[in-house]
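To start, the structure itself, in structure tokens.
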Amino acid sequence: MWFGELVRDLRYAGRSLRGNPAFTLVAVLSLTLGIGATASMFSVIYGILISPYPYARPGEIWAPEVRAKAGQGGHGYTMDEVRRMAALPVFSDVMATSLGTTLLTDRGAPESFTAGLLTGNAFRFLGVPPLLGRAIEPSDVPAGVEPAPVVVLSHRLWLRLFDGSPAALGQTLRLDGVPHTVIGVMPPRFGWYGNDSFWLPLSYERRELPFVAPIVRLAPGVSAKAATDALAALNTRLAEESPAAFPPGGFTTVLRNYLDVTVASGEMRTSLRLLLGAVGFLLLISCANVANLQLARGSARAREMAVRLSIGADRSRLLRQLLTESLLLSLIGGAAGVAFAYVATGRIVALMPELYVPNESRVEINLPVLLVAVAVSLVTGIVSGLAPALQTSRPDITDALKASRSTSAGQQGARTRRLLVVGEVALCVVLLASAGLTVRTFIALQQTSPGFSAERVLIVNVPLAADRYATRASRIQFTQSLLARVSTLPGVEAAAYGAPFGGAQTGYAIAGVPIDPQRRLTTNLASEDYLRTFGISLRSGRMFDAGEVSRGDRVAVVNETAAKLWPGGAGPVGSRLHLDLLDGSPSAATADPSLGAEVSIVGVIADTRNTGFRAVPAAAIVLPYTTIAPAQRNLAVRSAGDPAAVLNPIRAQLREMDPEQPLGRSITVGEILGREVVQPKFTMALFLAFAVVGLSLAAAGIYSVLSFHVARRTHELGVRMALGATRAQVLALMLAMGGRLVLTGLAVGIPVSLMATRVLRSQLFGVEPAEVLSYVAVVLILGLVALAACYLPARRAARVDPMVALRQE
């Protein structure tokens, strides 16, 4: 019986909606925008934050960390420490991973790759089977000997090198001069440390790695706290054995869940959560709009409901019928919203900043997103239909049967409709204010000076092969020769090693200043034309010259922030500074320890935004690039025209010097600076889109309420005009009615917005959440749109013919 009644209700609801195409079209459009935006936003949240990885049980993967109690720093684990960690009973499995620069030399031009290094159990730990062949296994990493020369390809590299042929298995790749056998190909979504490279076995005997990252799974029944305590005890023992390797001021041990370690964990996660809140506001506006439409339609059906009640229908039966209509309408809007979400999700993916999204994540309309869309549709149908259904199902039968359709329509739900419009306007104020603040942030970031000239500057990575350039002398000789050749190329205005952002951190000591082990200097290695290449100003003193660079003299320049480290306002020029970085190392490529660890400061240069636009410049020191000889250098070239035009001439010079030496990835400085605004641009674009849709829905709500009032008060307006009211007075009357709704919405929305936009603070730059200019813009934009929405029905009211209106009743 229940099912039969539901079928009859659905059939009646379908006929009712078909009989009112204008109402159905507007309501479905509102629901499509609200539900579609929600579904597309949830698809992004699901693909980036909820399920970004294809690994087995990613929520059970943990990453150990050692953090300094004060300031920056920590401890980098060694392979031996990882081995001892794996022996702890609180862990069921422990893998280790690292990165290594590897040179491929037998597939056309030499090419440098950043390869992922994985222990023998890593692929089993991650639980993703290969697409072809097999993955690295423990047998490939026997104890006490070199790992087997095998390699596992990423899906993208397999397509690029072997055109996706299964015959790739068993073939060899010459990596760093050693033939490696291809044993497997991973599926497209597997992207550990990147999805355009390969993976090599990592032995526990490796000692020279710059970092090792252990990854663990907890033993059954072991809590994260118990595992952290056991690991902290191990770290305490390790610190007692090697105190120099741990932070001197003390440290804490942390286990981070791997779902919190993604590149989206910081600014991107906050942004996505805020956008999900914004789309929630948009969905509420959509619900209010549909509820308003249903109230107006329900008022017009008061006589119909009264007739049905008078011939025996009970109110619960009418309520169920009306809710069925609302749910059917919402499900239709939900189906259209899913189609809208397919398109919107593609646009959102195109806007997403690549560096803030895990390699493995896939943003798409999948089963979880569809289930959420269905749930949202059902909830929306109930929320938007409950109040109209309650109002419509209990008319005053006597008044409704005596009244004409137009008169009875004016007696139901007028206050509720006005409250809904006020709510829509208030929610729209929050969206508009948030969008305005993100726009101001984007503009402020674009107008921020990086402290150097980014025009026509290309940065090229030069990775030297470890087997052919193992010593400091060989590396310096090669880089000096390359710089000399590049500097004379046609179209090259200046060339230098170095970059005005990033750099290694080192401890330091200044005479007369207490040593603080937590304070660090950012170090850059540069050549004599560094300032000219990047257009950085010299504030005092001088830049080191070509002779000093050639000899590797202990000279340096510091930025303005570092110059403030000297006490009593004394200038740093002429003083000496001790750098821990130059204390010596067993590596032949590091600084010559016989020259000491002190440098003479010869100049002060202007600050650059070396830690990003949002942060204050860090204290930095620039040394001759010949002081230390790392395996990789950044070569910066300022060109007279398009910087990409000098890339092939640089590559030709490199081939003449060493046919097997590759040129690394190249990027313009403009592209690097563009990364500073790509995430704020993403946030701004979506907030703007949601605000525009919300503004349109709010305008539609204002228009529908005033149109309804014009229809309800047609007779009254005719009487007014028959008694002498002018068209201008009638127009002003209706505009005043709409204006009161908008002003009330603004009065409610602005305080709510001031509280809500505080959570945007982490996303803002150069603007405060309560900035007056943003709210003035919101009032003006909303006022103009509301005026347009009010004017059309008000003008229709002013054109009422008094004789026709008086005959209406």
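The values are calculated or read from the model by the stated rules, or taken from the named source; none is laboratory data. All values reported here derive from a predicted model rather than from experimental measurement. When we count neighbours, we look across all protein chains shown, and the Cβ atoms used for this are built from the backbone with ideal geometry, even at glycine. Side chains included, ligands, DNA and RNA excluded: accessible areas come from the protein's heavy atoms. Shrake-Rupley method; radii C 1.70, N 1.55, O 1.52, S 1.80 Å.
Hey, can you tell me all the residues within region 260-286 that are of a type in the set (A, V, I, L, M, F, W, C), open to solvent by 10 Å² or more (accessible area, probe 1.4 Å) and at pLDDT below 85?
Val261, Val263
If I ask for residues that are open to solvent by 50 Å² or more (accessible area, probe 1.4 Å) and part of a loop (DSSP other than H, G, I, E, B), which ones from region 171-195 would you list?
Across region 171-195, the qualifying residues are Gln171, Asp176, Pro188, Arg189, Tyr193.
Of the residues Ala700, Ala644, Ala689, Ala636, which single one is touching a Phe, Trp or Tyr at 6+ places or on another chain (Cβ under 9 Å) and either in a loop (DSSP other than H, G, I, E, B) or hydrophobic (A, V, I, L, M, F, W, C) (or both)?
That would be Ala636, the only listed residue that is touching a Phe, Trp or Tyr at 6+ places or on another chain (Cβ under 9 Å) and either in a loop (DSSP other than H, G, I, E, B) or hydrophobic (A, V, I, L, M, F, W, C) (or both).
Starting from region 608-630, keep only residues that are over 21 Å from Ala597 (Cβ atoms), then list their pairs with residues that are buried (at least 17 other Cβ atoms within 10 Å of the Cβ) and basic (Lys, Arg) whose Cβ atoms are within a distance under 7 Å, requiring at least 6 positions of separation or different chains.
If the second residue must be buried (at least 17 other Cβ atoms within 10 Å of the Cβ) and basic (Lys, Arg), the pairs left are Pro617/Arg609.
Looking at region 718-773, which of the residues that are in contact with a Ser or Thr (Cβ under 8 Å, 6 or more places away or on another chain) and of a type outside the set (A, V, I, L, M) is surrounded by the most Cβ atoms within 10 Å (Cβ to Cβ)?
The extreme case among them is Ser753.
Give the residue that is surrounded by the fewest Cβ atoms within 10 Å (Cβ to Cβ), with candidates limited to residues of region 616-630 that are more than 32 Å from the chain's Cα centre (by Cα) and not in a strand (DSSP E or B).
First, the residues of region 616-630 that are more than 32 Å from the chain's Cα centre (by Cα): 622-630.
Then drop every residue that is not not in a strand (DSSP E or B), which leaves 625-630.
Values: Tyr625: 25, Thr626: 23, Thr627: 24, Ile628: 22, Ala629: 26, Pro630: 16.
Once the filter is applied, the top-ranked residue is Pro630.
Going residue by residue through region 446-459, is there one that turns out to be assigned to a helix (DSSP H, G or I) and either modelled with pLDDT of 80 or more or touching a helix residue (DSSP H, G or I) at 6+ places or on another chain (Cβ under 9 Å) (or both)?
Looking for residues that are assigned to a helix (DSSP H, G or I) and either modelled with pLDDT of 80 or more or touching a helix residue (DSSP H, G or I) at 6+ places or on another chain (Cβ under 9 Å) (or both), one finds at least one in region 446-459, hence yes.
For Ala570, work out the one condition from (1) free of Cβ contacts under 8 Å to residues at least 12 places away in the same chain; (2) open to solvent by 60 Å² or more (accessible area, probe 1.4 Å) it doesn't fulfil.
Only one criterion is unmet by Ala570, namely (2).
Residues that are open to solvent by less than 60 Å² (accessible area, probe 1.4 Å) and in contact with an Asp or Glu (Cβ under 8 Å, 6 or more places away or on another chain), at least 2 per element: which strands (runs of 3 or more DSSP E) completely within region 16-131 meet that?
In region 16-131, the matching strands (runs of 3 or more DSSP E) lie at 91-104.
With the requirement that a residue be farther than 19 Å from Leu103 by Cβ and open to solvent by less than 60 Å² (accessible area, probe 1.4 Å), what does region 145-157 give you?
Ala148, His155
Does Gln411 satisfy the criteria of being under 27 Å from Ile285 (Cα atoms), outside any helix (DSSP H, G or I) and at pLDDT below 85?
yes
Matching residues to (1) open to solvent by 30 Å² or more (accessible area, probe 1.4 Å); (2) touching a residue at least 60 places away in the same chain (Cβ under 8 Å); (3) over 30 Å from the mean Cα position of the chain (by Cα):
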| residue | (1), (2), (3) |
| --- | --- |
| Arg217 | no, yes, no |
| Ser223 | yes, no, yes |
| Ala226 | yes, yes, yes |
| Arg256 | yes, yes, no |
| Asn289 | no, yes, yes |
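Limited to region 365-402, what total is found for residues that are open to solvent by 20 Å² or more (accessible area, probe 1.4 Å) and at pLDDT below 80? So that I can check it myself, show each step before the final result.
Initial filter on region 365-402 (open to solvent by 20 Å² or more (accessible area, probe 1.4 Å)): 365-368, 370-372, 374-376, 378-379, 382-383, 386-387, 390-391, 394, 396-399, 401-402.
Retained after the next criterion (residues that are at pLDDT below 80): 387, 390-391, 394, 396-399, 401-402.
Selection size over region 365-402: 10.
Note down all Cβ pairs under 6 Å where the first residue falls in region 724-743 and is over 28 Å from Gly423 (Cβ atoms), the second is open to solvent by 50 Å² or more (accessible area, probe 1.4 Å) and of a type in the set (Ser, Thr, Tyr), and they're at least six residues apart or on different chains.
That search, which allows pairs on different chains as well, returns nothing.
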